[in-house]
Amino acid sequence: MSWIDLAVLALLGTGLAFYGAGSLGLLRFPDTASRLHALTKADNLGLGLVALAAALHWGSLAVAAKIALVWLFAVIAAGITSQLLARQARLDGTRSHPDGDRP
Amino acid sequence: MTAAFDIILCLLILGTAGIALFVRDALAAIAFFIAFGNLLGLAWLGLDAVNVALAEIALGAGVTGVLLILARARLLALGDDATCADTSAWLRVGALAACGGFVLLLAAAVLSIPPESGLDRAITPLMPALGIENRVTGVLLAFRAYDTLLESFVLLGALVAVWSLAPAGVWPGRPADLGMADGPMRRVAGSFARFLLPVALVMATYLVWAGSDVPGGAFQAGTVLAGGLIVSAIGGAIGLPRSDLPGLRVALVLGPLVFLLIGLAGTGFGGFLVYPEGLAKAAMLSIEYSLFLSIGATLALLVTGPNVIGLADPAGGTERKSDC
Amino acid sequence: MVTGHVYALTGAVLTGLGLFAFITLRHPLRQLLAINVVGAGIFLILGGLGRGPDATDPFPQALVITGIVVAVALTAFGAAMIVRLAEARAATKAATRPDGGKPGP
Amino acid sequence: MADWFTLAAVFLLLSVAVALGRCWRGPGPVERIMAAQLAGTGVIGVAVVLGAARRDAAMLDAALIGTLLAAVAVTAFARSAAKPGDRPEGRG
Amino acid sequence: MSPLDLLVAVPLGFMLATLLAGRAARWLILLAVPAMAGLAFWLVLVSPDAAYLIGHWDLPLGILLRPDGVARLMVAATALVIGAVGLHALVDPPEKAGNAAQAETFWPLIYLLWAGANAGFLTTDLFNLYVTLEMVSLAAVALAAMGSLEAALRYFMIALVGSLAYLLGVALLVARYNTVDVTLLSQVAQPDLATMLALGLMTAGLLIKAALFPMHGWLPPAHAAAPAPASALLSAIAVKLGFVILLRLWFEAFPAVTGQPALHVLGGAGALAVIYGSVQAMRQQRLKALVAYSTVAQVGYLFLAFPLVAGAPDPSGAWAGMMMHAVAHMLAKASMFLAAGLMLKAAAGHRIGDLGGLAQAMPMTVTSFGLAAVSLMGLPPSGGFTGKFLLLNAAIAQGAFLYAGVMILGGLLAAVYFFRALSACFGAGPAPREPAIRGVCTAAPLVLAGLAIVIGFAGSALDTLSAIAAPWAAPGVAAP
């Protein structure tokens, strides 16, 4: 097992840990805002580390660029969606009845 | 290890499908349906069928999901929350028995057939003549181009069928506005759209180009384009066109028309849908590039639905022109 | 058990699950969802049984792609019909109300 | 090495399952959408890892398309979650 | 150049042209009718070895198009029906008053239906048939939705289930035999579990599409509520595609798998359909519902013929009778729906009792209705008579007196319910509204009904035509 392989394993493990933490956070945290927090962590860091591991393992620049693109897209999409969802959560919060009612 | 992956994935697929079907809240059902579609995409990756995985993730999960979300929102605005009324216990017991028996029979039939890639042997020797590497594209655009031709007309026909549902007095109007109702959210979605639309266009072009040799193709690419267009409509970056706009009609018709004309031109080389020697790849690429534009436009309009007088905002929904 | 059979059996169960949901669910949007699940199950059977030792047969793959496109087209039309029907019903209900139906400005 | 990546894929699938648990429990639409989004990211992770395990770069295209359309779906969700009472405040 | 692909490509081209032409789209039918009539005529005359593989890709990969007797008859009848309905709709707009969307989309939809039906009749590829089935269903549901959205949604859901059952069968066959071509399957089919399940699923799905009792529930509301030209197309064509695919499956691909008991299940369901549809038709108060239930009964005859064809020592008579009946029903039922639409426009209401006085006000239209009824009842001389006569002959020759009795009973019941409608037209009633109807509108049903009668005289020609490359004649002759 070479140094690169070890690095790949380390990155993979850390990435998976972030994923797991994000999922557990989403499951366990008490309120919407902190759950959103958990979500963005997992999105950006977990996927980033896993993607880095995959790129290292592949060892090809073209593929690494593509993997970087996947990560970039995911980060941008996560940023947008968390903005939208935060706004939505605030709108919901200002109403007296959070869900399921209609004017 | 691979077997563990396969089995866990299949269990997850079954679980998400069950929840998507039987959860009470319609929004949760759709969310689970999308997750189900994405997991199915993984199943296709697990089967090394990347072409199908792309189609499933893009069309089965993506476009169908957005479609259902918007349909549910419209129903909700009308006071229909799409939860299911309980049916009688007898019906459920009877259906359970019938479906259970059916599954057992089907499973027995499935197990009696050994999995094999039998037609691969027939396809591989024919590929060099086409000048492309992707065998699925070969099947779609050469060996069974006729199916694909008819299929592109099914897609167009579905849009015509959706148009035919427009109530009296709104033709040729616009579909209901997709724009975000809330101002700040609209701005966020708008800036996202201005980023996504060009990206989607580049990516779709890449998918068509790559589709000759590696997984990709017109349908997957068209879906990516449709995704970009839908986000743009939600963010207000583009307005929805009038249904009788000549440019729109040309965009919708272009792909099927080019496909049909190339097919008919084949008559000069020996028969319908015969590609001239050496030009097979060029013919297929022309079909795919025109098809992907039409598919993108068609899918985007299919998602937006028929022209409508919104009950919530009479008249405004159909005629308001969205601005940038 | 071969990989192909695992996925094909999953497809068979999905088909039955979707069928059961189609029979027992009454809302048309839910039925549309059930039909999509049945379709996905059928595609999975096609793909699973086309799985060779090291590759999946491109022929069923192409059939599945065609099938997915047709399914999306029909789902879109079905969803449009469901929404239009609900709107038409709401409009008739509103028209029978004394105030003429249209919500105020 | 490929086995490690497959193992990672299995782990990611399990974390997707956990996220879906939140999606099931709700309670509000925002939670459900968030959980669906996380499940989507998990699926993308699986696609990347699976691509690495099988050395198939085309699987990355699946991941790319997945991110793109997941974003479209979440945008549509956010639009539809807005109640009919919310009128536009300042347009254009 | 071959009529086999042009018969599909030309209507598709017209569909695109209507989408580009906007409001002028309706006039394109004036070009389409002669073009398609010419192509259909060409197909009828083309030599049987004109069958060819699209793109020259060999089976099992490619798709075989084949001009057998069934395809020739059905394509020609389709051209007649859609041509007449199209010209009718050109003069008498099919849409609900003031609905411009329906007025515009009607045209691309009928071209889609036309292309789908032709493609389905000509191909021998079961997956290709799935795509054509969906083309036809899509157009049919959209046309039905122009009348009643509710009935159309029901039709749509049940048709989707039918399609999926068919597709599941195709999936099992692909996996089992690595081919979906009927001509190849006929050589390799084994009566094992997968094949039987596939055949059962496909048959069930297609019976839904063909509306055979007890899977007919969706048909009467959808067909009765649709605008008259749409009803004509639905009853004449959409239902027949399922029937044709079943012919391909039961008599060509899987004769080794289907046994006598299974054939009698189909035949029995057909017999029940004849009786149930007739009784229901007698009980209807609305004219179009009566005509729609008559379709349920007439579809029954098509399946009642299955055991008769399979059981006959020389199937040519029963086969010709079945095909003759199918063609006569297409022409007569299209004519009847068009005539009924005209009559209801002039009548005071939609009930049969409201038809009084119409015989004086619109004699030609009532004549068309009467002629179509003659063929549907099976009175001589008419296509319906020849078809039923041949089937009756086969039934008696085989000693299948139950089927023979059902056929005779069905004819009598049809006479009862059609005479009820006709006698209402001759009865006194409130003065009908001004029948502001132009010549083409009256002519279209009259021509179709006249043809339904006339083909009764062309019995032997149609007999020869229906026998071309028939599965029982010389197996494997169609493969190039």
Quiz item: How much length, in nm to one decimal, is gained on full extension between B:SER286 and B:MET1, taken as 0.36 nm per residue of separation minus their Cα-Cα distance?
Solution: 98.3 nm
Quiz prompt | Dipole of the protein assembly as shown, positive direction: furthest Cα of B:GLY62, E:SER231, E:THR386, with charges on the beta-carbon | solution = E:SER231
Self-check item: Computed log₁₀ I(q)/I(0) - Debye formula, equal Cα scatterers, no solvent, chain B, q 0.12 Å⁻¹
Solution: -1.01
Quiz item: Going by a ≥ b ≥ c, the root eigenvalues of the Cα gyration tensor, does the range B:1-89 fall in the rounded group (a/c under 1.5), the prolate group (a/b larger than b/c) or the oblate group?
Solution: oblate
Exercise. Answer rounded, prolate or oblate for the range D:2-79, using the Cα gyration tensor with square roots of eigenvalues a ≥ b ≥ c: rounded when a/c is under 1.5, else prolate when a/b is larger than b/c, else oblate.
Key: oblate
Quiz item: Roughly what angle does helix E:383-397 make with the longest principal axis of chain E, taking Cα atoms, 0 to 90 degrees, to the nearest 10?
Solution: 50 degrees
Quiz item: Counting Lys and Arg as +1 and Asp and Glu as -1, what is the net charge of the other residues whose Cβ lies under 13 Å from the Cβ of A:PHE73?
Solution: -1
Quiz prompt | Inverse of mean 1/r across different Cα pairs in chain E, Kirkwood, Å | solution = 22.0 Å
Practice problem: Could you work out which residue, out of B:ALA122, B:ALA31, B:ALA181, moves most in a Gaussian network model of chain B, that is, has the largest mean-square fluctuation with Cα springs under 10 Å? | Solution: B:ALA122
Self-check item: Positive-end extreme of charge dipole, the protein assembly as shown - chosen from E:LEU65, C:GLY52, B:MET185 (charges on Cβ)
Solution: B:MET185
Exercise. From other protein chains only, count the Cβ atoms within 10 Å of every residue's Cβ in E:113-124, then give the mean.
Key: 1
Quiz item: Could you put E:ARG283, D:ARG54 in order, starting from the residue whose Cβ has the fewest other Cβ atoms within 10 Å?
Solution: E:ARG283, D:ARG54
Practice problem: Place a +1 charge on the Cβ of each Lys and Arg in the range D:13-66 and a -1 charge on the Cβ of each Asp and Glu, then give the dipole magnitude about the Cα centre in debye, rounded to the nearest 20. | Solution: 140 debye
Quiz item: How far apart, in nm, are the 7 Å Cα→Cβ label points at E:LEU402 and A:ALA62?
Solution: 7.0 nm
Exercise. Report, in debye and to the nearest 20, how large the dipole of the protein assembly as shown comes out about its Cα centre when Lys and Arg carry +1 and Asp and Glu carry -1 on their Cβ.
Key: 2780 debye
Quiz item: Using the alpha-carbon atoms, what tilt in degrees (0 to 90, nearest 10) does helix E:401-426 show relative to the longest principal axis of chain E?
Solution: 20 degrees
Exercise. Round to a whole angstrom and tell me the spacing of the C-alpha centers of the range A:1-73 and the range E:2-39.
Key: 56 Å
Self-check item: Using a Förster distance of 56 Å, the FRET efficiency for B:LEU11-E:PHE426 (Cβ separation, nearest 0.05)
Solution: 0.20
Quiz prompt | Neighbouring partner chain Cβ atoms per residue of E:140-149, average, 10 Å criterion | solution = 4
Quiz item: Hey, if you drop one equal point scatterer on each alpha-carbon of the range A:3-94 and run the Debye formula without solvent, what base-10 log of I(q)/I(0) do you get at q = 0.12, 0.14 Å⁻¹?
Solution: -0.44, -0.57
Quiz item: How many angstrom lie between the C-alpha centres of the range C:38-81 and the range B:92-157?
Solution: 7 Å
Practice problem: With only Lys, Arg, Asp and Glu charged, each at its Cβ (+1 for the first two, -1 for the last two), find how big the charge dipole of the range E:259-480 is about the Cα centre; round to the nearest 20 debye. | Solution: 660 debye
Exercise. Tell me the label-point distance for the pair E:ASP314, E:HIS56, using the 7 Å Cα-to-Cβ offset, in nm and rounded to one decimal.
Key: 4.2 nm
Quiz item: Any idea what angle helix E:193-210 forms with the longest principal axis of chain E, computed on alpha-carbon atoms, 0 to 90 degrees, nearest 10?
Solution: 10 degrees
Practice problem: Give E:LYS96/E:LYS240; E:LYS209/E:LYS388; C:LYS93/E:LYS96; C:LYS93/E:LYS209; B:LYS281/E:LYS240 a once-over and call out the pairs whose C-alpha atoms are over 29 Å from each other. | Solution: C:LYS93/E:LYS209; B:LYS281/E:LYS240
Practice problem: Beyond 39 Å, what share of the Cα-Cα pairs of the protein assembly as shown is found? Please give it as a whole percent. | Solution: 45 percent
Quiz item: Can you tell which of C:ILE42, C:ILE23, C:ILE68 shows the greatest fluctuation in a Gaussian network model of chain C with Cα springs below 10 Å?
Solution: C:ILE23
Quiz prompt | Shape of the range E:103-180, Cα gyration tensor, a/c cut at 1.5 | solution = oblate
Quiz item: Local charge sum around D:LEU50 (other residues, Cβ-Cβ under 14 Å, Lys/Arg +1, Asp/Glu -1)?
Solution: -3
Quiz item: E:ASN393 versus C:LYS93, label points 7 Å from Cα toward the beta carbon: distance in nm?
Solution: 6.1 nm
Practice problem: Report the Stokes-Einstein translational diffusion coefficient (µm² s⁻¹, integer) for the range E:258-387, Rh taken as the Kirkwood radius over Cα pairs, at 25 °C with viscosity 0.890 mPa s. | Solution: 157 µm²/s
Practice problem: For chain E, calculate the relative contact order in percent as a whole number, restricting contacts to Cα pairs under 8 Å that are 6 or more residues apart. | Solution: 17 percent
Quiz item: Add -39500 (n - 2.57) for each DSSP H run of 4 or more in chain E, then divide by its residues: what number comes out at 222 nm, to the nearest 500 deg cm²/dmol?
Solution: -24000 deg cm²/dmol
Quiz item: Under a Cβ-Cβ cut-off of 12 Å, what is the net charge of the residues other than B:ARG24 that fall near it, where Lys and Arg count +1 and Asp and Glu count -1?
Solution: -2
Quiz item: Residue farthest toward the positive end of the dipole of the protein assembly as shown, with Cβ of Lys/Arg at +1 and Asp/Glu at -1: which of A:SER82, B:ALA35, E:LEU206?
Solution: A:SER82
Quiz prompt | Shielding score for E:63-76, defined as the mean number of other chain Cβ atoms within 10 Å | solution = 1
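Laboratory data are not the source of any read-out in this text; all were calculated from the coordinates shown. Worth saying up front: this structure is predicted, and the values here are computed from it rather than measured. We place every Cβ from the backbone using ideal geometry, glycine too, and count neighbours over all the protein chains shown.
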